[in-house]
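Since every read-out is calculated from the coordinates, none of them should be taken as a lab result. Here the structure is a predicted model, which means the values were calculated and not measured. Cβ atoms come from the backbone with ideal geometry, glycine included; neighbour counts cover every protein chain shown.
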Amino acid sequence: MNYPCLYAAPFGNITLIFDGQGNLLEVHLYGHPEHAPYPLPEAWRQKLDDYFSGRLKNFNHPASTHGTPFQQKVWQAIAEIPAGEVQTYQDIARRIGSHPRAVGSACGKNPLALVVPCHRVVAKQGLGGFSCKEGDALSIKRWLLKHEGINL
């Protein structure tokens, strides 16, 4: 059984989904209270509070193992981007021997948005995309980048 929990971020609610052992499975940068009835584990509440207050720069959380080997390779590369920096889809593609569109596709399937910071991946010229399934995804990406000191 999965346990969806809600966190009130400055830009709106975030849903975090945990398994029965407390392992983080998914992070969605939107959330509806009626779909997340379980209490957020205190350790994650503290991490998110620290991130949004500026005390925590990187979550240092492993990328999800729930994806193809290629997706996991991209997610690992994304996880290594430090706060306050961005890399382009092309930068990551060169590093892993791929194509920018394939990297963008894998970014869009990252189940741990924010924690594995796909918002730090941008287009060669401009913001690029951002997948969070609901709401104004690009405004959330801009907010997160600005919060980390990056203005695009």
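Using alpha carbons only, how many degrees (0 to 90, rounded to 10) separate the axis of helix 69-79 from the longest principal axis of the chain? Helix 69-79 sits roughly 80 degrees off the main axis of the chain. By the beta-carbon count within 10 Å of each Cβ, the least crowded to most crowded order of Ser105, Ser139, Ser64, fewest first, is Ser139, Ser105, Ser64.
Principal-axis analysis of the Cα atoms of the chain puts helix 42-53 at an angle of about 50° to the longest axis.
In segment 75-91, which residues have a backbone nitrogen under 19 Å from the label point lying 7 Å from Ala123's Cα in the Cα-to-Cβ direction? So the set is 86-91.
Based on DSSP loop calls and a cut-off of at most 12 other Cβ atoms within 10 Å, the longest stretch of the chain free of exposed GluC sites (Glu not before Pro) is what? My reading of the result: 1-84 is the longest stretch. The spread of Cα positions in the chain, taken along each principal axis and listed from longest to shortest, comes to 41, 32, 27 Å. Of all DSSP bridge pairs formed entirely within the chain, close to 75 percent run antiparallel. Note on Lys141: aspartates and glutamates with a C-alpha under 14 Å away, same-chain residues under 8 apart excluded, are Glu85. Helical runs (DSSP H, four residues minimum) scored at -39500 (n - 2.57) apiece and divided by the length of the chain put the mean residue ellipticity at 222 nm at -10000 deg cm²/dmol.
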